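Before any comments, here is the structure.
The values are calculated or read from the model by the stated rules, or taken from the named source; none is laboratory data. Since we're looking at a predicted model, the values are computed, not measured. In this analysis, Cβ positions are derived from the backbone assuming ideal geometry, glycine residues included, and neighbour counts consider all displayed protein chains. The protein model used for the area step is the full one, side chains on, heavy atoms only, and it has no ligands, DNA or RNA in it. Shrake-Rupley method; radii C 1.70, N 1.55, O 1.52, S 1.80 Å.
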Amino acid sequence: MNNRCVLVAGGAGYIGSHTAVELINAGYEVVVVDNFSNSDASSLDGIERITGVRPTFVEVDCCDKEALGEVFERYDFSSAIHFAAFKAVGESVAKPAMYYRNNLLSLLNLVELMSEYGRENIVFSSSATVYGDADVLPVTELTPRKPATSPYGNTKQMSEDILRDNVAASDKLRGIALRYFNPIGAHPSAQIGELPRGVPNNLVPYITQTAAGIRECLSIFGDDYDTPDGSCLRDYIDIVDLARAHVVAIDRMVAKLSEERYEVFNIGTGRPVSVFELVKGFEQANNLKLNYRVAARRAGDVTAVWADTTRANEVLGWRAERELSDTLKAAWQWERNVRGIKE
Ligand code: UFG
């Protein structure tokens with residue numbers, strides 16, 4: 001078994017591709033599996049342009065256990081990261097079976113194969129969504145999870161439990177669930193970034209597409225929340241900082257540093273930022289004006305959520321480092337690169 005080799009399931013996607021870059025930079029060999037359901041092969045080219053290394057790639061749907069098993073036969077990675085999930089809250093409400101099937105089956109297959117092949121370490125992409133509308137802010141890893149408000153959120157909670165229970169039933173398996181807050185930005189090289197299909201659901205891609213002229217006007221969903229400027233508060237974490245958290249999580253498990261074989265970490269900045277602040281920050285960082293208007297609240301949005309990152313800081317030795325303005329510059333550079341927009 002090779003402790004320097006990592007399987008990245010969903011490694012062609014937004015978070016997966018940035019993580020593949022950081023793993024390669026840290027000296028890991030990377031095996032990417034992806035079915036391109038929400039990504040394409042251009043991210044593999046981007047990884048190669050940034051690192052000089054093209055990760056091994058196998059086109060596999062992680063819901064196909066036999067096909068995924070063949071990857072275990074061929075490669076001897078000791079660790080795996082599971083990014084191979086659907087992530088749109090609204091779509092999950094409309095197509096719950098599709099979300100439960102894809103998000104849970106892909107993880108179940110991975111967990112079973114890890115045990116069957118005696119592989120040891122799994123990192124799972126969890127989400128701040130597991131906290132729901134938290135009573136006390138910032139949220140720590142001990143903040144109780146609230147009942148999920150969408151099938152997507154439910155798959156994150158159920159997946160955490162699947163990993164926890166399988167680690168408990170094994171004497172070898174280790175698992176880390178990273179609860180991401182709001183991942184934004186792109187690699188500073190502008191070679192990889194977020195490529196949402198259709199109309200973006202998330203704030204930053206909507207902003208960059210508005211700046212690029214693809215969307216006419218950004219709607220700010222609500223200015224009457226109980227917050228300092230009336231818009232929602234979130235914890236926006238730079239994608240490269242987030243990717244680095246996966247590397248330290250893998251390092252920790254490979255080195256068997258922890259007595260606990262299942263651990264959970266919040267991955268955020270610890271700083272609440274409002275929608276208005278983010279929009280103004282984008283305008284300032286990139287020296288442009290954005291077309292926006294205030295619209296009605298979006299159903300399902302919580303007023304505020306941000307992370308207490310003490311545990312990640314102290315236990316993982318990880319903290320967010322990139323300035324928000326640099327993150328927002330990188331987001332715009334990526335959008336310009338994708339659309340071929342000159343300075
Ligand atoms: N927003 C707008 N206009 C937009 C898009 C978003 O004003 O066009 C606002 C939202 O209302 C919210 C903030 O920007 O206040 C952030 O919205 P995102 O959609 O970017 O992110 P969310 O906080 O809604 O979503 C995140 C993760 C999901 C997760 C969800 C759970 O991206 O994976 O938190 O709360 F499920």
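Taking amide H as placed 1.01 Å from N in the peptide plane, residue 233 has its amide H under 5 Å from the amide H of 304, 305, each at least 5 places away in sequence or on another chain.
The largest-to-smallest principal axis extents of the Cα set in the range 191-343 are 52, 39, 27 Å. Over the chain, dividing the summed -39,500 (n - 2.57) contributions of all DSSP H runs of at least 4 residues by the number of residues returns a 222 nm mean residue ellipticity of -12000 deg cm²/dmol. Taking the accessible area of the range 190-343, probe 1.4 Å, and keeping the other protein chains in place, the carbon and sulfur fraction comes to 44%. Sorting 319, 164 on solvent-accessible area from highest to lowest, probe radius 1.4 Å, gives 319, 164. The separation of the range 270-313 from the range 48-75, counted between C-alpha centres, amounts to 35 Å.
Applying 1/(1 + (r/R0)^6) with r as the Cβ-Cβ distance of residue 289 and residue 133 and R0 = 45 angstrom yields a FRET efficiency of 0.85.
For residue 127, neighbours were defined as the other residues whose beta-carbon sits under 10 Å from its Cβ, and their charges (Lys and Arg +1, Asp and Glu -1) total +2. In whole angstrom, note down how far apart the Cα centers of the range 81-134 and the range 227-245 are. Centre-to-centre (Cα) distance: 22 Å.
Taking 41, 12, 211 in turn, the Gaussian network model of the chain (Cα-Cα springs below 10 Å) assigns the largest fluctuation to 41. Averaged over its residues, the range 211-343 has an accessible area of 49 Å² per residue, based on protein heavy atoms and a 1.4 Å probe.
Note on the chain: Kirkwood hydrodynamic radius from all Cα pairs is 20.3 Å, rounded to one decimal. Taking the chain as a Gaussian network of alpha-carbon nodes connected by springs under 10 Å, the highest mean-square fluctuation of the residues 302, 279, 32 belongs to 302.
Counting only the Cα atoms, the range 1-86 fills a convex hull of 75 Å³ per residue. Between the helical axis of 65-74 and the longest alpha-carbon principal axis of the chain there is an angle of about 70 degrees. Which of 156/256; 87/146; 65/146; 146/256 have a Cα-Cα distance over 23 Å? Violating the 23 Å limit, Cα to Cα: 156/256; 65/146; 146/256.
Full extension of the segment from residue 108 to residue 298, taken as 0.36 nm per residue of separation minus the current Cα-Cα distance, would add 65.1 nm.
Panel note: the C-alpha atoms of the range 186-233, placed on their principal axes, show extents of 39, 23, 16 Å (largest first).
Neighbours of residue 263, meaning other residues whose beta-carbon lies under 12 angstrom from its beta-carbon, give a summed charge of +2 when Lys and Arg score +1 and Asp and Glu score -1. For residue 323, neighbours were defined as the other residues whose beta-carbon sits under 10 Å from its Cβ, and their charges (Lys and Arg +1, Asp and Glu -1) total -1. Reported value for the range 1-160: 121 Å³ per residue, from the convex hull of its C-alpha atoms.
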